[in-house]
């Protein structure tokens, strides 16, 4: 497996982890009875952490399809090289760092980390045309 596909697989694991983080926070906040129920109505969260984890998850899911597509296309056309390896690495590691920064409400640096992940994505996309 190429380095880029390894980073893609790790990013999918991160996406799975980010499913469980807000789910766990909601269970802590609303209780296991709510979690086991039909969840017809979700109470409004009063803990900032729950909402932040939900938004961090949604933020990953906004760019994840683009990253998946870019890495897979690069793999298919044989565009593996420094640009794709560094781009995939930047995207993955920035997304990992982004979660705690968002969860703990760290301003500015969180946005900078997001920009690093975007730069990684752009690097992989650029490799498709170079």
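Considering (1) surrounded by 13 or more Cβ atoms within 10 Å (Cβ to Cβ); (2) modelled with pLDDT under 95; (3) part of a helix (DSSP H, G or I), the lone condition that residue 45 does not fulfil carries the number (3). Only a single item in (1) within 13 Å of residue 3 (Cα to Cα); (2) buried (at least 17 other Cβ atoms within 10 Å of the Cβ); (3) touching a residue at least 60 places away in the same chain (Cβ under 8 Å) is not met by residue 95, and it is number (1). Scanning the range 38-63 for residues that are in contact (Cβ under 8 Å) with a residue 24 or more places away in the chain, farther than 14 Å from residue 125 by Cα and under 17 Å from the mean Cα position of the chain (by Cα) gives 49, 50, 52, 53, 54, 55, 56, 57, 59, 60, 61. Inspection of the range 12-27 finds a residue satisfying the criterion of being at pLDDT below 95, farther than 30 Å from residue 128 by Cα, over 20 Å from the mean Cα position of the chain (by Cα) and assigned to a helix (DSSP H, G or I).
Hey, any hits in the range 64-77 for a residue that's buried (at least 21 other Cβ atoms within 10 Å of the Cβ) and without any contact (Cβ under 8 Å) to a residue 60 or more places away in the chain? Within the range 64-77, one or more residues are buried (at least 21 other Cβ atoms within 10 Å of the Cβ) and without any contact (Cβ under 8 Å) to a residue 60 or more places away in the chain.
The values are calculated or read from the model by the stated rules, or taken from the named source; none is laboratory data. Treat the numbers as computed from the prediction; the structure is a model and nothing was measured. Ideal geometry is used to build each Cβ from the backbone, glycine not excepted, and the neighbour counts take in all protein chains shown.
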